[in-house]
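These notes concern the structure reproduced below.
The values are calculated or read from the model by the stated rules, or taken from the named source; none is laboratory data. All values derive from a computational prediction rather than experimental measurement. Cβ: placed from backbone, ideal geometry, glycine included. Neighbour counts: every protein chain shown. Heads up: the accessible areas ignore ligands, DNA and RNA and are worked out on the full protein's heavy atoms, side chains in. Shrake-Rupley method; radii C 1.70, N 1.55, O 1.52, S 1.80 Å.
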Amino acid sequence: MADRLAETKDRMQKSVAVLRTELGALKAGRANPQLLERIAVDYYGSPTPISQLGNISVPEARLLMIAPWDPKTIALIEKAIQKSDLGINPSSDGKVIRLVFPQLTEERRRELVKTVKKSGEDAKVAVRNIRRDGVESIKKDKKDGLLTEDDQKKQEEKLQKQTDEFIKEIDGILASKEKEIMSV
């Protein structure tokens with residue numbers, strides 16, 4: 001029975017991890033290396049993440065610098081960034097590629113906050129669905145005679161406590177991302 005709680009906890013952690021990844025890839029007016037994680041460069045016939053082709057640094061709040069290890073990849077990286085949904089034109093000097101992020105307007109910030117809240121709500125729904133699946137399996141175990149009624153109640157209480165902790169964690173993630181977006 002304890003392994004069932006561990007399994008639901010693992011599934012809930014994965015939902016939170018997906019939310020973190022989703023929000024990390026969101027442009028918040030700040031340079032963030034995570035924005036480049038989804039962009040792959042066709043390097044010798046295989047899609048390769050930019051992070052594996054060079055060093056990515058953030059020298060200023062709104063500037064990303066990519067220093068490729070192989071200078072021949074500069075044009076390939078630039079092309080991949082232009083094709084992506086990033087909406088930023090890279091500029092290079094032959095050694096490094098610079099990505100300058102424009103300042104966000106107030107309206108765009110509010111749109112991003114709405115997107116963040118929707119992602120957070122989706123993550124909460126996923127966690128609640130996992131809780132529901134856990135409760136159903138606990139009830140099935142009770143019906144099959146594997147649990148007593150007291151054990152069933154204890155398991156359900158532990159599961160609810162676990163769910164509440166993850167919902168609280170999601171709320172914290174959303175609050176910090178919203179603060180990051182709204183700060184000028």
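Can you tell me how many residues within the range 93-137 are open to solvent by 50 Å² or more (accessible area, probe 1.4 Å) and either free of Cβ contacts under 8 Å to residues at least 40 places away in the same chain or under 22 Å from LEU35 (Cα atoms) (or both)?
Selection size over the range 93-137: 23.
Between ASP150, ASP141, which is out of contact with any helix residue (DSSP H, G or I) (no Cβ under 7 Å at 6 or more places or on another chain), part of a helix (DSSP H, G or I), over 15 Å from GLU7 (Cα atoms) and open to solvent by less than 30 Å² (accessible area, probe 1.4 Å)?
Answer to the selection: ASP141.
For ASP85, state whether it is more than 19 Å from the chain's Cα centre (by Cα), surrounded by fewer than 16 Cβ atoms within 10 Å (Cβ to Cβ) and either of a type outside the set (Ser, Thr, Tyr) or within 21 Å of LEU35 (Cα to Cα) (or both).
Against the criterion (more than 19 Å from the chain's Cα centre (by Cα), surrounded by fewer than 16 Cβ atoms within 10 Å (Cβ to Cβ) and either of a type outside the set (Ser, Thr, Tyr) or within 21 Å of LEU35 (Cα to Cα) (or both)), ASP85 does not qualify.
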